[in-house]
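Written below as structure tokens is the structure these notes are about.
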Amino acid sequence: MDYKEILAQYRDLPGGIIEAFHAIQDEFGYLPEEAVLEAARGFAIPVAEAFGIATFYSMFSVKPRGKNVIRICESAPCHIAGATEVIAALERELGIKMGESTSCGRFALEFTECVGQCQGTPVITINGKPYTNVSPAAIPNILAEYKQA
Amino acid sequence: MKPEELIDEVRQSKLRGRGGAGFNCGQKWYFAYTARADEKFVICNADEGEPGTYKDRIIMENDPHVLIEGMTICATAIGARQGYIYLRGEYPQVVNILNTAIDQAKARGLLDDFDIEVRSGAGAYVCGEETALIESIEGKRGEPRYKPPYPPVEGLWNQPTIVNNVETFAAVPAIVKNGASWYASIGHPDYPGTKIVTLTGDVNNRTFFEVPTNTTIREIIYEFGGGIPAGKKFKAVQVGGTSGAFIPEENLDTPLAFDTMTAIGATLGSGAVLVLDESRNLIDVLTRISGFFQHESCGKCAPCREGTMRLYDLMLKVNNGTGKPQDIKIMQKLGNVMAISCLCGLGQAAPAPILSSLEHFPADFNVKLM
């Protein structure tokens, strides 16, 4: 589906621009510039406001990024449970730094704050799916599933 | 029951908000009930973003209907026909659970006069603040509004709106069913009922418990939590999430109720309990926490936008061993200014972990200073 069709589904929903951005991002992996411009027209708000919304929320990205978005929680409970070592293992395994995407376009590495799965710290999420009690040693196995996809 | 009776029952039960502010729930409903408007709204705040907290997720995953029922009772009481559940974006799997439950309730004719829509947040801690949450549902940046007017008078699309936490709504059906005096008799008399606590950090049982509000912090850590692993000693506990104070051993016999926590200079907050053992580097944890607030400040008001950034800078300095005694004084002064001058609870609470640690654990700072 192209972004115009997605936007059309939300145009009549009061305050629906955030839901529309979620739907566009589910399809494209990020919010393309032309989609944000089209959203501004569709919801009858200034372009600056549409970009203001797109860049306010940390789950939205206005830049292209890897298809599978890996987010590592760095909030206090995960921090003291060893998130730093998990970050190092992810960077090593993928050969990129936090905030970057792999050149093959398969993975993006991002920081996040608490994702509410604190029964099993440290926590990472891949495309929103949580993995708990993650150890550096477990990283290759967790990523294997997404390397094939 | 008539709206007035429902509101009275909830007010008499002394149910107070479980989201952190602790306002009398029935009283809040009464404000919205008496407000004159064509349309009123009920919003469930399911944006739990306090690090270490997942109580609302547990409720929604295990008993979504208790939430829907609580919201429907509120709608009946204040005269609302439309409700929203503002669910944090980090819980995509919960969207389906809630929508399925809403469909089930509709199929049984339980939502004929009241509709509920699930809206997803997109990763902004500040949207847990009720007016920021309202802005977000309106499709805007989630920046808090100036108050007053408060939402029960002027909320979503400027109409009277009740915003309650998931845990608050979940308490309502049992109150209506069993009566106000039944509920008021549970736990601490000033903050009756139960509280869900989520345990993280250095504790054997890193899980969640629902406890009466007269349960003490010590009981939470040592009985429910099973104590501290590997025979280590207790160092500090942070209750209420990352915006909570760090509490020393001498205050562990405090009940987990609203005013009792305030009395020791702490907060009940979300009910998150982060335990640190003697081997932990408190300064490093505080540095990470100040980094959290620096990232999550929405930037609307200067004391928070600039203050969270400065506190983070100063904590980084102390943590890497280049801090001076003067930096501690600046943090104290800045923290006190933020606590009284920031626009919303985020900035007001942001210095609390540092200020409480300076009070109770000054030696941890002193050994790091130049």
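Over the protein assembly as shown, all Cα pairs binned in 10 Å intervals from 0 give whole-percent P(r) values of 4, 18, 29, 28, 16, 5, 0, listed from short to long. Close amide H pairs (under 5 Å, H built 1.01 Å from N) link residue B:155 with B:161, residues at least 5 positions away or on another chain. Taking 14 Å as the cut-off, the amide N atoms of segment B:322-338 that come nearer than this to a point 7 Å along the Cα-to-beta-carbon line of residue B:306 belong to B:334-335, B:337-338.
Using only atoms on other chains, find how many Cβ atoms lie within 10 Å of each Cβ of peptide B:294-300 and report the average.
Mean shielding count: 1.
What the phi angles of segment B:175-182 give under the Karplus curve with 6.51, -1.76 and 1.60, with θ = phi - 60°, is a coupling list of 5, 5, 6, 9, x, 4, 5, 4 Hz, glycine and proline written as x.
Simple spin-label estimate for residue A:4 and residue B:204 gives 6.5 nm between the two label positions (7 Å along the Cα-to-Cβ direction from each Cα). With a Förster radius of 60 Å applied to the C-beta separation of residue B:5 and residue A:111, the computed FRET efficiency comes to 0.75. Close amide H pairs (under 5 Å, H built 1.01 Å from N) link residue A:111 with A:72, A:99, residues at least 5 positions away or on another chain. Of all segments of chain B bounded by GluC sites (Glu not before Pro) found in a DSSP loop with no more than 14 other C-beta atoms within 10 Å, the longest spans B:40-277. Phi-derived couplings, Karplus 6.51 cos²θ - 1.76 cosθ + 1.60 at θ = phi - 60°, listed residue by residue for segment B:55-66: 4, 5, 4, 4, 5, 5, 6, 9, 8, x, 5, 5 Hz, with x used for Gly and Pro. Which angle from 0 to 90°, rounded to the nearest 10, does the C-alpha axis of helix A:17-28 make with the longest principal axis of chain A? Result, in degrees: 60. Pick out which of A:15, A:29, A:82 has the largest mean-square fluctuation in a Gaussian network model of chain A, springs linking Cα atoms closer than 10 Å. Comparing A:15, A:29, A:82 in a Gaussian network model of chain A, the most mobile one is A:15.
For B:370, B:315, A:59, A:1, the ranking by accessible surface with the largest value first comes to B:370, A:1, A:59, B:315, using a 1.4 Å probe. Using a probe of 1.4 Å on the protein chains alone, the accessible area found for residue B:183 is around 10 Å². Of the residues B:125, B:91, B:139, the one whose Cα sits farthest toward the positive end of the charge dipole of segment B:31-149, with +1 on the Cβ of Lys and Arg and -1 on the Cβ of Asp and Glu, is B:139.
Can you give the charge dipole size of segment B:283-364 about its Cα centre, rounded to the nearest 20 debye, using +1 on the beta carbon of Lys and Arg and -1 on the beta carbon of Asp and Glu?
Result for segment B:283-364 is approximately 220 debye, rounded to the nearest 20.
The phi torsions of segment B:94-111, fed into the Karplus equation with coefficients 6.51, -1.76 and 1.60 and a -60° offset, translate into couplings of 7, 4, 5, 4, 5, 5, 4, 5, 4, 4, 4, 5, 5, 4, 8, x, 8, 10 Hz, rounded to whole numbers, with Gly and Pro shown as x.
Per the Debye calculation on chain A with a single equal scatterer at every Cα and no solvent contribution, log₁₀ I(q)/I(0) for q = 0.18 Å⁻¹ amounts to -1.00. Distance from the Cα centroid of segment B:16-47 to that of segment A:79-142 is 38 Å (rounded to whole angstrom). Put a plus charge on the Cβ of each Lys and Arg, a minus charge on the Cβ of each Asp and Glu, and nothing anywhere else: the dipole of the protein assembly as shown about its Cα centre is then about 840 debye. Put the Cα centre of segment B:167-214 next to the Cα centre of segment B:308-354 and the gap is 33 Å.
Remark on residue B:84: its backbone amide H falls under 5 Å from those of B:42, B:43, B:44, B:117, a criterion applied only to residues 5 or more positions apart or on other chains, H modelled at 1.01 Å from N. In terms of accessible area, using a 1.4 Å probe and ignoring ligands and nucleic acids, B:220, B:340 rank largest first as B:340, B:220. Extending 7 Å from the Cα toward the beta-carbon at both residue B:96 and residue A:88 defines two label points whose distance is 3.8 nm.
Ranking B:238, B:196, B:222 by how far each Cα lies toward the positive end of the dipole of segment B:140-249 (charges on Cβ) leaves B:238 at the top. Counting only protein chain heavy atoms and rolling a 1.4 Å probe, the accessible areas of B:18, B:36, B:145 rank, largest first, as B:36, B:145, B:18. Once the Cβ-Cβ distance of residue A:127 and residue B:177 is raised to the sixth power relative to R0 = 41 Å, the FRET efficiency obtained is 0.50.
The values are calculated or read from the model by the stated rules, or taken from the named source; none is laboratory data. Everything numeric here is computed off the predicted structure, so don't read it as measured data. Cβ coordinates were reconstructed from backbone atoms using ideal geometry, including for glycine residues, and neighbour counts include every protein chain displayed. Please note that ligands, DNA and RNA were not included when accessible areas were found on the heavy atoms of the full protein model with its side chains. Shrake-Rupley method; radii C 1.70, N 1.55, O 1.52, S 1.80 Å.
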